[in-house]
Amino acid sequence: MSERGTSHRFDHLPRVPLVSPIEPPPSRWSMPAEGPVDDSDLVALGADLEPGTLLCAYRAGLFPMPFDRRRTAWFSPDPRGVIPLDGLRVPRSLRRSVDKFEVRMNTNFPAVMQACAEPSRSGAWINRAFCDAYQRLNELGWAHSVEIYAPDQGDLLVGGLYGVRVGGLFAGESMFHRSTDASKVALVHLVDWLRATDASLLDVQWTTPHLVSLGAVEIPRTEYLQRLAAAIE
């Protein structure tokens, strides 16, 4: 039986304050909040990965992925996957796993991205340009990482996730694990941090059976855009 996140706080997890990020120069590109959508939820091609462009995209409900060697694809899924911040499922086995690891935040963003970009992973898509772009966002205070370490393995990084925070939105980008439950523990901490810092929307892009088992649901794109507008207001 699973238990929902509203019933607990993991008070032993580190409390990381929300620091005001640095606003970069605005993008020279216009990002459509809505547009032609095919079966892959592709909305547009082109633009760049400058910090201002990425933030403009997230504020419009878009996120990027590589399309080919020159172009970036921008997606706006319909339906959209989200995890309600009061709906994270934390079974007892996962509660026990939380106590096995050490959780840190924003102490080794590059290592988390590199682990998520590992070419041997199924469906790997993160390339060097994306690593560089999100590192710049991290340096400006917009991109965040949750890192999971195993003290009994020589302080080894065994899991984590990263994403972008804009106001009350956290756009989850990717997660990885090298030890059982490590990525789930990262998600538990992320949700705990988002709730503690008055966030309202956790975007996971598309749902998967794994994310659904943790509480992810699908909502229409129109509803997502309404929630997004309220979250970043």
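Data table
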item: Selection status of ASP203, crowded, with 17+ Cβ neighbours inside 10 Å, closer than 28 Å to PHE67 by Cβ and of a type in the set (Asp, Glu); result: yes
item: Residue list for the stretch 174-233, restricted to those being basic (Lys, Arg) and over 20 Å from MET113 (Cβ atoms); result: ARG195, ARG221, ARG227
item: Pair list, Cβ under 8 Å, 6 or more apart: the stretch 96-124 residue on the phi < 0 side of the Ramachandran plot, other residue of a type in the set (Val, Ile, Thr) and assigned to a loop (DSSP other than H, G, I, E, B); result: SER97/THR180; MET105/VAL16; MET113/ILE126; CYS116/ILE126; ALA117/ILE126
item: Subset of the stretch 178-231 (residues that are among the aliphatic types (A, V, I, L, M), in contact with a helix residue (DSSP H, G or I) (Cβ under 6 Å, 6 or more places away or on another chain) and more than 21 Å from PHE101 (Cβ to Cβ)); result: LEU201, VAL204
item: Meets criteria (closer than 23 Å to ASP198 by Cβ, at pLDDT below 95 and either surrounded by fewer than 19 Cβ atoms within 10 Å (Cβ to Cβ) or not polar (S, T, N, Q) (or both)) for VAL82; result: no
item: Within the stretch 75-161, strands (runs of 3 or more DSSP E) holding 3 or more residues that are within 13 Å of ALA182 (Cβ to Cβ); result: 102-105, 143-150
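The values are calculated or read from the model by the stated rules, or taken from the named source; none is laboratory data. These numbers were taken from a predicted model, which means no experiment stands behind them. Note that each Cβ is placed from the backbone with ideal geometry, even for glycine, and that neighbours are counted across all protein chains shown.
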